[in-house]
1. Taking only pairs six or more apart or across chains, which ones have beta-carbon atoms under 8 Å, a first residue in the range 58-69 that is free of Cβ contacts under 8 Å to residues at least 24 places away in the same chain, and a second residue that is in a helix (DSSP H, G or I) and of a type in the set (Lys, Arg)?
2. If you take the residues of the range 65-79 that are modelled with pLDDT of 95 or more and within 23 Å of the chain's Cα centre (by Cα), which of them is nearest to Phe135 (Cα to Cα)?
3. If Met142 satisfies every condition in (1) crowded, with 16+ Cβ neighbours inside 10 Å; (2) among the hydrophobic types (A, V, I, L, M, F, W, C); (3) in contact (Cβ under 8 Å) with a residue 12 or more places away in the chain but one, which is the exception?
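The values are calculated or read from the model by the stated rules, or taken from the named source; none is laboratory data. The structure displayed is predicted, hence computed values, not measured ones. With ideal geometry, Cβ positions are generated from the backbone for all residues, glycine too; neighbour counts draw on all protein chains shown.
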Amino acid sequence: MGEQKVDVTEVRAKLCRMNADTHFLMDARPRRLTRRGAETRDRILDAMVTCTVRSGFAVTTIEHVMQEAGLSRGSVLHQFPTRVALAAETAKRCMYSVMDASDALAVAIADPYERFADYPRIMWETQSSPEGLAFTDILLTMRWDRELASALQSIASQVEQDIHDAFVRMAAEAGFSDTEAVVPHGWLLLANVRGLLMEHALNPNRPMILEAINLMKTNHRAFCERMRAASIAN
């Protein structure tokens, strides 16, 4: 199949090193951070992800993040004046981390058709990463936290466009003629993965959930086969 092993942890580390060169605040005029400032910022965001995955975003406080990062309250508030600002930047970082890790896993599969046909596995691996789990938890909180939802609105719009473009690109590379038809299917696949991850977390050995995961993969591959057949017919 031409697949090579990709270390998602290594990809994440590279992203963090890139972030150390240039970082921008979401809630203030963009400014360049010193390397020390960027490293502190990354420690805070890493701590926020850890706390969110361990305890849930709803109960995670600035104090929890301070303790996890080993930083003073002043150091945290200097980077993120409010909990919403910290949550919004964490969500942004998590979204792009998951997307970049997905790209890395996808390009390791040489055949473009198989790359897309195997996408449920790729989504499962990246969405079950700490960043993926933290983002899903923050996303759920947006249902009732209007301030957080407002802070994330512009980022979410851009990410949605990026995901749309990624689905269209993969569909074209796979040889599908109707690339736009892949977009709603891709979003349905993502929603399935997120929902099944939550169910899987309750008990990873539940037969009905394991069967549902396999059915999701089977259905996606069948969709790919229908898209390929329709493209050949056209």
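1. Sorted first by the residue in the range 58-69, then by its partner, the pairs are Thr61/Arg83; Glu63/Arg73; Met66/Arg73.
2. Val65
3. With respect to (1) crowded, with 16+ Cβ neighbours inside 10 Å; (2) among the hydrophobic types (A, V, I, L, M, F, W, C); (3) in contact (Cβ under 8 Å) with a residue 12 or more places away in the chain, Met142 is out only on (3).
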